[in-house]
Each structure stands twice: as structure tokens, then as C-alpha cells.
Amino acid sequence: MQGNKTLTMIKPDAVQKGFTGKILEQITGAGFRITAMKMLHLSIPRAELFYAVHRDRPFYSELVQFMASGPIVAAILEKNNAVADFRALIGPTDPAKASSDSIRARFGSSVQNNAIHGSDSDENAKMECDFFFNQLERF
Ligand code: GDP
């Protein structure tokens with residue numbers, strides 16, 4: 001069965017440029033319900049932990065530095081078929097290859113500084129929601 005939850009992070013580049021409000025408006029306009037949300041600054045060790053699956057990729061250290069470079073906004077989003085529908089809304093990893101109305105094309109500037117994260121499977125969505133939010137923080 002397809003799940004109804006996904007985890008997003010508005011990344012430091014987009015928060016720093018003041019795009020948080022516009023991005024949240026596009027997300028809710030596309031039918032996602034925000035059921036948890038917080039602004040926080042990831043430490044290097046927390047960013048390493050979040051992206052541990054990428055630890056062998058050549059860009060891991062650069063990615064971790066970037067994700068710990070400033071505040072982010074993390075949120076749990078709910079909708080039927082949340083993971084796939086949200087990946088479609090944000091577009092592919094490289095903003096230059098994304099359709100012009102996608103969140104990454106509108107607000108991202110490079111493969112790394114691509115404005116937003118979306119979980120890539122139901123299993124990872126659950127782990128990532130648990131990474132940021134306890135039960136008292138979910139509505
Ligand atoms: P996603 O699922 O589309 O976010 O892409 P991945 O899981 O493959 O990569 C995770 C994140 O790492 C991306 O969203 C980018 O911020 C970053 N990233 C991916 N590929 C590269 C790369 O080639 N170089 C750098 N510096 N960062 C990358």
C-alpha cells in the first residue's frame with residue numbers, strides 16, 4: 001500500500017534567500033497537509049547522520065557542510081501517495097533539468113543547492129519523520 005506521509009526539508013540556500021513562505025504556499029496549494037513543522041540548524045554530526053546512506057558518495061562531505069551551513073525548515077507532509085506526488089512537485093535533483101513550475105526549478109540554483117528535500121520511499125519517509133519529530137510534535 002502506498003503511504004500518505006513524506007518528510008521535507010527546505011534547505012539552507014532557500015531559507016537564507018527568504019523562499020520559505022513561497023515554497024510552503026506551493027506545497028499546500030498542491031494538496032499536502034502540514035502535520036509537523038520546525039525550523040532548526042543541523043549540526044555537522046546530525047547532518048552526517050541524516051545523509052549516512054550517501055557516506056560513500058564523493059559529494060558527501062560537501063553536502064553535509066551545506067546542510068549544516070544555516071537553518072532549515074523540516075516538515076511532515078500528508079497526502080495520498082505522498083512520496084511520489086511530492087517528488088513530482090519538487091522535480092529531479094538538478095534544478096536545471098526540472099520543469100519550470102517545479103519547486104527545485106523555481107527556487108534551487110545547483111545540483112547541491114536545490115532548495116528542498118523529499119523522501120524517496122515510504123520506508124525512508126518513516127525514518128526521516130522519526131529523525132526530526134517525536135509524537136508530541138505531530139498533529
Ligand atoms: P535527491 O533524492 O533528489 O535529493 O538526490 P540524492 O538523494 O541523490 O542526493 C541527496 C542530495 O545531495 C541532493 O538533493 C543534493 O543536495 C546533493 N547532491 C546530489 N548529487 C550531488 C552532486 O553531484 N554534488 C553535490 N555537491 N551535491 C549533490
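Within the accessible area of the chain, what % is carbon and sulfur when the probe is 1.4 Å and the other protein chains stay in place?
53 percent
For Lys38, give me every one of the lysines with a C-alpha distance below 22 angstrom, ignoring sequence neighbours fewer than eight places off in its own chain.
Partners within reach: Lys5, Lys11, Lys17, Lys22, Lys79, Lys126.
Please work out the FRET efficiency for the pair Gln112 and Thr35, using the Cβ-Cβ distance as r and a Förster radius of 22 Å; give the result to the nearest 0.05.
0.20
Roughly how far apart, in whole Å, are the Cα centres of the stretch 40-59 and the stretch 69-104?
So the two Cα centres are separated by 19 Å.
So, R0 is 30 Å and r is the distance between the beta-carbons of Lys22 and Arg55; what FRET efficiency does that work out to, to 0.05?
0.40
Have a look at Lys79, Lys97, Lys11 and tell me which one the Gaussian network model of the chain (Cα, springs below 10 Å) gives the largest fluctuation.
Most flexible of the set in this elastic network: Lys97.
Which FRET efficiency value, to the nearest 0.05, do you get for Asp130 and Asn81 by plugging their Cβ-Cβ distance into 1/(1 + (r/R0)^6) with R0 = 22 Å?
Calculated value: 0.60.
Percent relative contact order of the chain, based on C-alpha pairs within less than 8 angstrom and at least six residues apart?
Across the chain, relative contact order equals 38 percent.
So which trypsin sites (Lys or Arg not before Pro) in the stretch 1-41 are both in a DSSP loop and have at most 14 other Cβ atoms within 10 Å of their Cβ?
Lys17
The values are calculated or read from the model by the stated rules, or taken from the named source; none is laboratory data. Only a predicted model underlies this, so the values are computations on that prediction, with no experimental measurement involved. Glycine also receives a Cβ, built like all others from the backbone with ideal geometry; neighbour counts cover every protein chain displayed. Heads up: the accessible areas ignore ligands, DNA and RNA and are worked out on the full protein's heavy atoms, side chains in. Shrake-Rupley method; radii C 1.70, N 1.55, O 1.52, S 1.80 Å.
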